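Chemist: Please find one structure pasted underneath; my questions will follow.
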Amino acid sequence: MSKCIAETAKMKLAIIGVGLIGGSLGMSLKAALGDDIYITGLCRTQDSMDLAMERGAVDFASSDLETVVKDADIVFLSTPVLQMPPLVARMLPFLKPGVILTDAGSTKGYLYEKLREILPSDVYYIAGHPMTGKEKSGVAAADKDLFKNHAYIIVGDTGAPREAHEKLRALLEHTEATFYELGYEAHDRCASIISHIPHITAAALVTLLNRSGDDFESCLKLAAGGFKDTTRVASGDSDMWADICMTNPIAIRDHLVRMQGILGEVIKYIDQGDRDGVYQYFLAAKRSRDEIIWRTEKLFEL
């Protein structure tokens, strides 16, 4: 495999973890920019390297961190969150001054605190989170349109200069995502409600079915589209979701406790035979969801 780096590229991007998100980013940017960008990717196995290049997610793939990040203008971290700080520590000797370090992690506060302890002043960290994905993982599931019309959060308070933000934003706009700025604390609270708790809940529904005992086989005969749709995200990457729970514990725990309280209210209505209480619970949720879906469709042109 050739290790020649294209010297004529206008920008060099290094993707650390060429899976669903990293692979989709690479495919999107190559489709938009062609030879104006040179993309290297860090992969663990030869098979994943070959597939990443075959699918057009990267120009060059390697398992050698120095080779991948050397001379990069932007480094995009796309691994489970707990793997990111050790990887950054390992790559620091190979990063050029002025490089922009960004990520696709689903939690922001943990990573910000860890990275600001080790990053030199000439490495600019800009936290990010593309709010998109699939239940499948790996570069085989990557899609050049995965980011299109989806929210992409950029955290504005991680200390990088405005010029670095403008450079990163100019590149990422080629994905056709919709960009928003949030503080990292607000991001983690909101991501817990919108993404993390739904995933935990979907996994809980599958676990409930698995623990149905003698009813399991009979339940399977009833498991049609509603169960499939409600539990879809439970097929996601287990490493990623374990790291999310470990790196956003306060918000996730607080919202799980609130969820327990809400379910407790429904249990109380049912115990008391309070049909109107149950009715109002469903009615309020229906009206709210209809409004939320209408507003998000307007925001993201879905």
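Chemist: Sorted by packing (mean other beta-carbon atoms within 10 Å per residue), highest first, where do 147-158, 230-241, 254-265 land?
Modeler: 147-158, 230-241, 254-265
Chemist: Debye calculation, C-alpha points only, no solvent: report log10 I(q)/I(0) for the range 11-182 at q = 0.12, 0.15, 0.18 Å⁻¹, in the same order as the q values.
Modeler: Normalising to I(0) and taking log10 leaves -0.46, -0.75, -1.14.
Chemist: What fraction of the DSSP beta bridges in the range 11-182 is antiparallel, stated in percent and rounded to the nearest 5?
Modeler: Of the beta bridges lying entirely in the range 11-182, close to 10 percent run antiparallel.
Chemist: Which of these, ALA160, ALA104, ALA224, has the largest mean-square fluctuation under a Gaussian network model of the chain (Cα springs below 10 Å)?
Modeler: For the chain, modelled as a Gaussian network with Cα springs under 10 Å, the answer is ALA224.
Chemist: Fewest first, what order do MET131, MET49 take by the number of other Cβ atoms within 10 Å?
Modeler: MET131, MET49
Chemist: A further question follows. Determine, for each peptide in 87-97, 108-118, 202-212, the mean count of other beta carbons within 10 angstrom over its residues, then list the peptides with the highest first.
Modeler: My ranking of the peptides, most packed first, is 108-118, 87-97, 202-212.
Chemist: Which one is right for this structure if Kirkwood radius over Cα pairs in Å is calculated from it: (i) 21.0; (ii) 22.6; (iii) 19.2?
Modeler: (i)
Chemist: Here is a follow-up. Points 7 angstrom from Cα along the Cβ direction at ASP145 and LEU65: gap in nanometres?
Modeler: It is 3.7 nm.
Chemist: Taking 21 Å as the cut-off for C-alpha to C-alpha distance, list the pairs among LYS12/LYS144; LYS10/LYS30; LYS108/LYS298; LYS10/LYS167; LYS134/LYS228; LYS96/LYS144 that go past it.
Modeler: From LYS12/LYS144; LYS10/LYS30; LYS108/LYS298; LYS10/LYS167; LYS134/LYS228; LYS96/LYS144, over 21 Å: LYS108/LYS298; LYS96/LYS144.
Chemist: Right, another one. As a test of the formula, what do you get for the chain when each DSSP H run with n ≥ 4 contributes -39,500 (n - 2.57) and the sum is divided by the residue count, at 222 nm and rounded to the nearest 500 deg cm²/dmol?
Modeler: -15500 deg cm²/dmol
Chemist: Still on this structure, please answer the following. Compute the relative contact order of the chain as a whole-number percentage, counting only Cα pairs closer than 8 Å that sit 6 or more residues apart in sequence.
Modeler: Relative CO of the chain lands at 17 percent.
Chemist: Over all distinct alpha-carbon pairs, what is the Kirkwood Rh of the range 187-300 in angstrom?
Modeler: 16.4
Chemist: I'd like the trypsin sites (Lys or Arg not before Pro) in the range 16-87 restricted to DSSP loop residues with at most 12 other Cβ atoms within 10 Å, sorted by number.
Modeler: ARG44
Values in this text are rule-based calculations from the coordinates and carry no lab data. Everything numeric here is computed off the predicted structure, so don't read it as measured data. Note that we place each Cβ from the backbone using ideal geometry, even for glycine, and neighbour counts take in every protein chain shown.
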